[in-house]
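This report refers to the structure that appears directly beneath it.
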Amino acid sequence: MKQLSLEKLNDLFALIGQTEALYLPVDDAAGQAAYRRWQPGYTLSKALNTVRSAKDFFFPQTENLVDFKMQGKSIEVIDPRTEQENFVLFGVRACDARSFSILDKVFLADPVDTYYQSRREHGTIVTLACTRPEETCFCTVFGIDPAEPAGDVSCWIEENTLFMKANTPKGDALLTLAAPLLSEGGDDAVAAQQAATRSVLARLPLAKLSLDGMGGESMLKLFDSDKWAELSQACIGCGTCTFVCPTCQCYDIKDFNTGDGVRRFRCWDSCMYSDFTRMAHGNPRLTQRERFRQRFMHKLVYFPANNHGEYGCVGCGRCLSKCPVSMNIVKVAKALEGEVK
Amino acid sequence: MQEMMIAKARELLKSGAVQRVLGWKAGEFAYDVEPAVFESAQELEKSFVYNDFCGSNLSKYLIAQSRKEGKTLVFLKPCDTYSFSQLLAEHRIVRENVYAIGIPCQGKTDGETLKGKGFTGILSAQCEGDTFTVHTLYGDKTAARADVLPERCLNCKSKKHMIYDELLGEDGEVLDSHRFDMVEKLEKMTPDERFAFWRGELSRCIRCNACRNVCPACTCEKCVFDNDASGIAQKAAADSFEENMFHIIRAFHVAGRCTDCGECSRVCPQNIPLHLLNRKFIKDINELYGAYQAGEDPDAKSPLTDYTMNDAEPGIVYHRGGNQ
Ligand code: SF4
Ligand code: SF4
Ligand code: SF4
Ligand code: SF4
């Protein structure tokens with residue numbers, strides 16, 4: 001375990017920021033946390049989590065895939081990518097850290113998504129342990145321990161000290177870079193903080209959320225449940241839940257007419273939208289009921305059915321706090337629980 | 001009030017006067033109340049609530065509900081009645097199929113507002129008189145009601161119901177609010193400052209469409225932004241120009257019809273003060289065409305869809321300081 005006095009935190013950021021692009025949560029104009037590229041004068045946000053999740057760094061909201069340039073009868077195909085720079089993502093919470101492994105299962109499976117892969121390879125993830133979880137947090141239901149977050153480096157902030165531990169070769173490299181500022185020690189302080197955090201975690205109102213019966217075994221039963229009509233009745237189909245979610249992974253590919261060619265880009269899509277997976281005959285999910293069902297079936301049933309029981313949710317609570325009508329995955333899971341008993 | 005509402009709803013359901021009730025349903029936590037349709041006394045008893053967290057405006061749901069068989073009972077707060085009345089003026093709701101009950105409101109807060117005020121780990125929250133007591137994972141805290149209300153309620157324009165079939169409790173008055181103060185501030189900025197202000201705000205937009213989808217004035221069957229054939233369909237803003245355009249087009253499209261219910265700003269996950277765009281239009285309409293409040297009178301003609309000889313000429317832009 002390495003440690004650093006918080007007074008020197010900015011020196012640490014400056015040191016890392018000199019060598020690599022460093023991103024960290026800072027407070028935005030509306031007082032909420034957002035990842036920004038570090039520059040002198042920025043301070044780490046005290047918020048528990050960012051509104052937008054850390055998936056942005058690997059799976060950005062919009063991304064150019066390929067350019068086609070037309071000249072007469074010839075078409076030039078241009079890869080718009082430039083060399084991906086190395087970057088460090090500081091202050092990622094345990095839930096978002098787990099979301100990367102869920103996204104990996106989608107984007108790194110054959111055929112590998114090289115856009116995503118390149119960002120994953122160039123990013124170093126520095127996580128920060130949570131000490132004050134919210135009532136909306138239910139990461140522990142998925143076996144995530146916010147007191148011992150994953151990532152290349154794990155950090156804890158206790159009183160006036162930052163504690164750091166490397167978990168991977170990338171993490172070792174980062175701590176070697178920061179070595180001039182770090183000193184040894186802190187195991188006891190970290191252990192004490194972890195014990196305190198875990199006692200709060202045990203008291204979280206959603207800590208005992210049961211997902212028994214979810215997953216592939218009851219697929220049709222859940223699909224056909226008459227609960228969906230009631231659950232989706234207030235949903236306005238906005239897609240907020242999908243855009244703030246760290247594990248939502250659907251995208252659309254669109255062409256933009258540049259005048260002398262085509263720019264093909266992808267952007268986040270949402271199963272809540274009327275044109276999601278639209279084909280020649282229209283959207284296969286005719287009403288909001290089917291679209292709404294898709295989001296939750298994907299996370300609680302289809303994803304685990306295809307991925308050895310791993311759910312497509314990390315319990316970050318973002319959809320709980322941001323849905324305009326207060327509908328969310330917890331309410332859905334509780335309503336469906338009775339269906340499979 | 002909640003008990004009175006449940007009793008009323010039960011009575012109307014039982015007599016067959018209405019077939020369903022549009023109201024609010026209790027959630028997991030104190031604050032995550034959701035709009036819901038109730039069809040039986042049991043459902044009402046189980047989860048119907050009316051408390052300080054019933055901020056969502058139910059009017060827009062009536063577009064679909066009023067097309068169902070039979071009558072729908074809806075509970076409307078004063079500001080919701082403006083939306084209801086405006087939707088009626090636009091022929092979006094089948095009036096005969098709605099039984100509207102006006103209910104009083106002292107301002108509604110929500111989980112996000114409480115969190116913004118520093119309440120974290122909220123386990124329960126009650127309001128007695130004007131004091132909120134919030135029980136959290138990290139201890140109990142209290143706050144005055146006025147300190148935990150969102151902007152739209154602090155600047156409430158009216159406690160008076162514009163339209164209803166029946167009223168529970170007392171009707172209030174149209175209020176003298178300070179809702180245009182911030183617009184005036186923005187007007188006093190230089191164009192560059194104002195541009196910087198709006199770029200700062202709109203650059204946070206994630207194009208989730210919550211503002212549009214919740215808006216009672218946004219009722220197009222298919223929005224241009226969802227229509228590939230329109231040429232401007234977007235799922236994500238490709239650049240800052242598109243980011244601005246979405247909001248400016250939307251503000252123009254609801255100009256003269258926006259009742260200033262404040263739902264757009266309530267639902268925005270990025271806390272973008274969208275109401276300021278709409279209020280600028282409302283203020284301009286008041287100044288250029290005479291005082292007009294959308295949703296006040298379903299039979300009144302909106303200045304923007306009505307022609308009179310006294311209408312402002314386009315040159316007004318320059319008189320008001322616009323660039324030639
Ligand atoms: S579904 Fe909700 S709680 Fe689960 S990861 Fe997504 S936003 Fe977080
Ligand atoms: S869900 Fe867990 S890891 Fe994520 S912010 Fe909450 S406590 Fe931390
Ligand atoms: S569940 Fe909520 S956030 Fe998601 S699309 Fe429906 S209304 Fe929007
Ligand atoms: S609700 Fe907010 S973030 Fe979503 S589209 Fe509207 S302004 Fe953008």
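Listed values, structure above:
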read-out	value
Which of B:PRO269, B:GLY121, B:VAL33, positive extreme of dipole for the protein assembly as shown (C-beta unit charges)	B:VAL33
Per-residue mean of C-beta atoms belonging to partner chains within 10 Å, peptide A:316-326	6
Potential extension, B:VAL174-B:SER15 segment - 0.36 nm per residue separation minus Cα distance	53.8 nm
Heavy-atom SASA rank of A:CYS267, B:CYS223 (probe 1.4 Å, accessible area, largest first)	B:CYS223, A:CYS267
Amide proton proximity set for B:LEU123, modelled H, under 5 Å, gap of 5+	B:HIS135, B:THR136, B:LEU137
Under the Karplus curve 6.51 cos²θ - 1.76 cosθ + 1.60, θ = phi - 60°, whole-Hz ³J(HN,Hα) for segment B:307-313, x wherever Gly or Pro sits	10, 10, 5, 8, 4, 4, 7
Cut-off under 5 Å, modelled amide H: who pairs with B:LEU76 long-range	B:ILE101, B:GLY102, B:ILE103
Kirkwood hydrodynamic radius (C-alpha pairs) into Stokes-Einstein, segment A:186-278, 4 °C and 1.567 mPa s, D in µm²/s	71 µm²/s
Mean projected area (nm²) of the alpha-carbon convex hull when segment B:194-324 is viewed from all directions	9.4 nm²
Segment A:216-340: C-alpha gyration tensor shape, a/c 1.5 cut-off, then a/b vs b/c	prolate
With 10 Å bins from 0: P(r) over chain A, alpha-carbon pairs, percent	5, 22, 31, 24, 13, 4, 0, 0
The protein assembly as shown, helix-only ellipticity at 222 nm - DSSP H runs n ≥ 4, -39,500 (n - 2.57), divided by all residues, nearest 500	-9000 deg cm²/dmol
Residue-by-residue Karplus 3J(HN,Hα) for segment B:5-18, coefficients 6.51, -1.76, 1.60, Hz, glycine and proline x	5, 5, 4, 4, 5, 4, 4, 5, 5, 5, 6, x, 5, 10
Count, lysine Cα pairs under 19 Å in segment B:179-324, 8 or more residues apart or across chains	6
Within 10 Å of each Cβ in B:208-218, the average number of Cβ atoms from other chains	5
Loop-located chymotrypsin sites (Phe, Trp or Tyr not before Pro) in segment A:1-61 whose Cβ has at most 10 other Cβ within 10 Å (DSSP)	none
Rounded to 5, the percent of DSSP beta bridges in chain A classed as antiparallel	75 percent
Alpha-carbon centroid distance for the pair segment B:156-226 / segment A:10-31, whole angstrom	34 Å
Extent along principal axes [Cα atoms of the protein assembly as shown; Å; largest to smallest]	73, 65, 52
Net charge contributed by nearby residues that have their C-beta within less than 15 Å of A:ASN283 (K/R +1, D/E -1)	+1
Bins of 20 Å, starting at 0 and running to the largest distance - Cα pair percent for chain B	28, 58, 13, 0
Cβ neighbours within 10 Å from other chains - mean over B:113-124	3
Expected-Rg normalisation [2.2 N^0.38 Å, Cα atoms] applied to segment A:48-187	1.30
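The values are calculated or read from the model by the stated rules, or taken from the named source; none is laboratory data. Note that this is a predicted model, so its numbers are computed, not measured. When we count neighbours, we look across all protein chains shown, and the Cβ atoms used for this are built from the backbone with ideal geometry, even at glycine. SASA here: full protein model, heavy atoms, side chains in, ligands and nucleic acids out. Shrake-Rupley method; radii C 1.70, N 1.55, O 1.52, S 1.80 Å.
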